[in-house]
Amino acid sequence: MQIGKSGIHVFYSQPTGDVCCNTVVLNGREKILIDPGLYHLWPYLEKAIEKETLVSPKDFSLLIYTHSHPDHMGAASYLDSAYGMPQAMTQEEKSYLEGPGQSVYSWFGVDPPGPVISRVLKEGPLEVGDRTLEIYLTPGHTPGSVCVFEPREGVLVTGDLIFSRSFGRVDLAGGDPKLLSESVRRMEALDARAVIPGHGPSVIGKDQVRNNFHYIFRLLEECGYM
Ligand SMILES: [Fe+2]
């Protein structure tokens with residue numbers, strides 16, 4: 001599904017019963033992939049991406065992870081060995097992946113990825129081809145999670161920080177409810193026109209995005225997280 005008019009595509013998690021994530025493709029002069037998901041579902045996703053965008057895996061010049069959980073980066077080692085595109089996450093997340101984040105891989109029954117991260121993401125503008133993205137460090141679900149904002153279209157890719165009418169779990173290793181609440185506050189201030197979360201449906205429209213933030217703040221308050 002395309003969101004906006006400038007080549008932003010979202011591929012919703014395949015209905016196989018597996019816990020997998022939504023994947024985002026930014027198609028332009030350079031092609032960017034965000035959160036490829038689980039290894040064994042990659043063949044389906046690859047086909048879906050090619051069908052909708054005519055982009056093949058070898059065309060991606062950058063792969064961004066919102067965070068390191070296996071349902072978002074399980075395909076990392078395969079993509080590295082098959083295509084060798086640069087793969088990026090924050091230093092905070094890389095350290096987490098090499099430390100306490102390993103426990104989430106054991107819990108999923110999936111091998112953690114090898115040393116695939118060749119670029120470190122930092123908060124601030126990220127120029128790729130004809131696009132300038134804004135990277136925000138938004139800890140809470142994990143210590144080095146990011147949100148990716150595409151300002152031209154007002155599209156915010158939130159990973160597992162927030163979803164439609166929900167927020168990311170904070171009970172896994174590295175989770176922190178207070179940090180998550182602060183991160184949600186920061187993302188509300190962006191005044192996005194669309195939210196693409198890591199799981200479930202997108203939230204489209206300025207009013208809908210605003211209402212979704214208000215709903216999530218109520219939930220966070222009810223949980224005593226803010
Ligand atoms: Fe996650």
Looking across the range 151-176 at residues that are farther than 23 Å from Leu97 by Cα and among the aliphatic types (A, V, I, L, M), the single one that is farthest from the ligand (Cβ to nearest atom) is Val155
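Taking Val148 as the residue in question, decide whether it is buried (at least 19 other Cβ atoms within 10 Å of the Cβ), within 16 Å of the ligand (Cβ to nearest atom) and under 15 Å from Leu220 (Cα atoms). Quick ask: steps written out before the conclusion?
Details: buried (at least 19 other Cβ atoms within 10 Å of the Cβ): yes; within 16 Å of the ligand (Cβ to nearest atom): yes; under 15 Å from Leu220 (Cα atoms): no.
Taking the combined requirement at face value, the residue does not satisfy it.
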Would you mind telling me which numbered condition in (1) within 16 Å of the ligand (Cβ to nearest atom); (2) not in a helix (DSSP H, G or I) Tyr96 fails? (2)
Long-range neighbours under 7 Å by Cβ, at least six apart or interchain, first residue closer than 14 Å to Gly174 by Cβ and in contact (Cβ under 8 Å) with a residue 60 or more places away in the chain within the range 85-109, second part of a helix (DSSP H, G or I) and within 12 Å of the ligand (Cβ to nearest atom): Val104/Pro70
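Could you go through the range 138-148 and let me know if any residue there is farther than 17 Å from Arg186 by Cβ and of a type outside the set (S, T, N, Q).
Taking every residue of the range 138-148 in turn, none turns out to be farther than 17 Å from Arg186 by Cβ and of a type outside the set (S, T, N, Q).
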Answer from Arg165, Arg152 - the residue that is in contact with a strand residue (DSSP E or B) (Cβ under 8 Å, 6 or more places away or on another chain) and charged (D, E, K, R): Arg152
Failed condition for Leu179, given (1) in contact (Cβ under 8 Å) with a residue 24 or more places away in the chain; (2) within 13 Å of the ligand (Cβ to nearest atom): (2)
In the range 65-88, residue farthest from the ligand (Cβ to nearest atom) [restricted to those that are in a loop (DSSP other than H, G, I, E, B) and under 23 Å from Glu127 (Cβ atoms)]: Gly84
Within the set of pairs 6+ apart or on separate chains, which have a first residue in the range 3-19 that is among the aromatic types (Phe, Trp, Tyr), a second that is assigned to a loop (DSSP other than H, G, I, E, B) and modelled with pLDDT of 90 or more, and C-beta atoms under 7 Å apart? Phe11/Asn22; Tyr12/Asn22
Ser56 passes all but one of the listed conditions (1) more than 16 Å from the ligand (Cβ to nearest atom); (2) in contact (Cβ under 8 Å) with a residue 12 or more places away in the chain; (3) closer than 29 Å to Arg152 by Cβ; (4) of a type in the set (S, T, N, Q); the exception is number (2)
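Results for (1) touching a Phe, Trp or Tyr at 6+ places or on another chain (Cβ under 8 Å); (2) buried (at least 21 other Cβ atoms within 10 Å of the Cβ); (3) assigned to a loop (DSSP other than H, G, I, E, B); (4) of a type in the set (Gly, Ala, Ser), shown as yes or no for each residue.
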site	(1), (2), (3), (4)
Ser6	no, no, yes, yes
Val10	no, no, no, no
Cys21	no, yes, yes, no
Arg29	no, no, yes, no
Leu41	no, no, no, no
Glu52	yes, no, no, no
Leu63	no, yes, no, no
Answer residue from the range 125-150, given it is more than 16 Å from the chain's Cα centre (by Cα) and free of Cβ contacts under 8 Å to residues at least 24 places away in the same chain and is farthest from Asn27 (Cα to Cα) among those: Pro125
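Do we have Leu41 as over 27 Å from Leu137 (Cβ atoms), hydrophobic (A, V, I, L, M, F, W, C) and within 16 Å of the ligand (Cβ to nearest atom) here? Give the steps one after another, and end with the answer.
Working: over 27 Å from Leu137 (Cβ atoms): yes; hydrophobic (A, V, I, L, M, F, W, C): yes; within 16 Å of the ligand (Cβ to nearest atom): yes.
So Leu41 passes the test.
The values are calculated or read from the model by the stated rules, or taken from the named source; none is laboratory data. All values derive from a computational prediction rather than experimental measurement. Note that each Cβ is placed from the backbone with ideal geometry, even for glycine, and that neighbours are counted across all protein chains shown.
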